[in-house]
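The values are calculated or read from the model by the stated rules, or taken from the named source; none is laboratory data. Fair warning: this is a prediction, and the values are worked out from it, not measured in the lab. Backbone-built Cβ (ideal geometry, glycine too); neighbour counts: all protein chains shown. Only protein heavy atoms, including side chains, enter the accessible area calculation; ligands, DNA and RNA are left aside. Shrake-Rupley method; radii C 1.70, N 1.55, O 1.52, S 1.80 Å.
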Amino acid sequence: MGDILDEATALIRCKECPWYKNCVTPMQVSDEDIAQFRLMMQGVNLPDSARNHMEDILGNIASMSQNMILQTCPIFAQRLKDNPGLARKIKEMMQNWGKEERKAGE
């Protein structure tokens, strides 16, 4: 009975969640985020060349992170942790993405 209640609770939380039907999205690093970091860096006593170098590094990290890091819904993340089979199926789907379309085109 506990499993049914847990699943029903997760379903209700999911439908009420601001992430609803958007369980996984690329991480967004905005210009505002970078500006906020620059503001924090102003309090640090660094030479201008080091500060500029830090800002370049930050820009590169922000650019890379948008392609590598995902923000996930907490319910989705918990379901993946609780169900290794689901995680394995999603991984297989991603590894085989587009293979069927390529076969159909041959």
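When the stretch 49-70 is limited to residues that are closer than 21 Å to residue 24 by Cβ and among the small types (Gly, Ala, Ser), the one that is most open to solvent (accessible area, probe 1.4 Å) turns out to be 63. Only one of the numbered conditions (1) touching a residue at least 24 places away in the same chain (Cβ under 8 Å); (2) surrounded by 12 or more Cβ atoms within 10 Å (Cβ to Cβ); (3) outside any helix (DSSP H, G or I) is not met by residue 46, and that is (1). So for the stretch 21-28 (the condition being among the polar types (S, T, N, Q) and modelled with pLDDT of 80 or more), does at least one residue qualify? The answer is no; no qualifying residue exists.
When each of 89, 81, 103 is tested for being within 18 Å of the chain's Cα centre (by Cα) and open to solvent by 90 Å² or more (accessible area, probe 1.4 Å), the lone residue that passes is 81.
Which of the residues spanning the stretch 1-37 are touching a helix residue (DSSP H, G or I) at 6+ places or on another chain (Cβ under 8 Å), part of a helix (DSSP H, G or I) and either aromatic (Phe, Trp, Tyr) or open to solvent by 100 Å² or more (accessible area, probe 1.4 Å) (or both)? Result: 13, 37.
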